[in-house]
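Q: This is the structure I have questions about; it appears just below.
The values are calculated or read from the model by the stated rules, or taken from the named source; none is laboratory data. Remember, predicted model here, so these are calculated numbers, not experimental data. As a convention, Cβ positions derive from the backbone with ideal geometry for all residues, glycine included, and neighbour counts pool all protein chains shown. Ligands, DNA and RNA are stripped out before the accessible areas are found, and what is left, the full protein with its side chains, is counted by its heavy atoms. Shrake-Rupley method; radii C 1.70, N 1.55, O 1.52, S 1.80 Å.
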Amino acid sequence: MKIASADFHSSSRTLQDCPNWNLPEFAFIGRSNVGKSSLINLLTQRKALADVSATPGKTKLINLFRINGNWCLTDLPGYGYAKVAQQSKHEFNQAVAEYIEKRPNLATVFVLIDSRLEPQQIDLDFLRWISGCEVDVALVFTKSDKQSPTKTRSTIATFLGAASEFLPEPPPPVFVCSSLKKDGREDILRHIEAKLVEHKR
Ligand code: GDP
């Protein structure tokens, strides 16, 4: 898919503040520092699109970007550092939880996971929670350039094993990306394109 236009649309504090439209939305979420901004910039081929979400006042908001006029990329606040893992269920951000649970035009939530790390409790907790929501989920393992493909495959297998008790059957699609090497972009965009076709039906 060619990205002809990618523009910041709005920041919403709550689900109710989100635009009243039927554009399919593709959301990106993950632990702080997982590489979400880099991935959004890679996908849209805009150097600093996601920096908008990092400007003061916007880091905890639901930031929406309109892509090619016909779909929307949602940059969701990161779910923080280890402290958040001790919080129960979806206390991490009530507005984000509501957006994921209730946004009717939410097409897919891409959950970003650092491919270098052993399964992190915070990611497993989030994935357990989101697996109970009626939303389409895809997993993106980031920063794959930091180690060999064999090591990346093994981390992914370990992660899926740790999450198997709550992941749906079949498990969500898995993407591997490196913003540094510009890997994984086409696969993710192809997935979005297929969902856009489904949405039109
Ligand atoms: P965010 O907090 O999830 O938005 O993460 P950022 O996109 O800001 O990235 C956090 C750090 O990881 C930055 O120093 C990035 O340069 C680095 N980073 C992000 N993606 C990659 C990647 O694919 N490969 C490598 N080697 N570093 C990355």
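Q: Over segment 117-163, give the accessible area per residue in Å² for a 1.4 Å probe, as an integer.
A: 46 Å²
Q: Fully extended, how many nm does the chain gain between Ser154 and Leu180 (0.36 nm per residue separation, minus their Cα-Cα distance)?
A: Gain in length upon complete extension: 7.3 nm.
Q: For Asn105 and Ser32, what is the calculated FRET efficiency with R₀ set at 25 Å and r taken between the beta-carbons, to the nearest 0.05?
A: 0.40
Q: Next up: With 10 Å bins from zero, work out the P(r) of segment 119-201 over every alpha carbon pair and list the percent per bin.
A: In whole percents, the pair-distance histogram is 16, 43, 35, 6, 0.
Q: While we're looking at this one, here's another question. Fully extended, how many nm does the chain gain between Thr55 and Gln16 (0.36 nm per residue separation, minus their Cα-Cα distance)?
A: Gain on stretching Thr55 to Gln16: 11.8 nm.
Q: Next question, about the same structure. Are any of the pairs Lys2/Lys60; Lys2/Lys58; Lys58/Lys102 more than 23 Å apart by Cα-Cα distance, and if so, which?
A: Violating the 23 Å Cα-Cα cut-off are Lys2/Lys60; Lys2/Lys58.
Q: Can I ask one more? Applying a 10 Å radius around every beta-carbon, put 67-79, 176-188 in order of their mean neighbour count, most first.
A: 67-79, 176-188
Q: Please report, in whole Å, how far the alpha carbons of the chain spread along each principal axis, starting with the longest.
A: Result, largest extent first: 40, 38, 36 Å.
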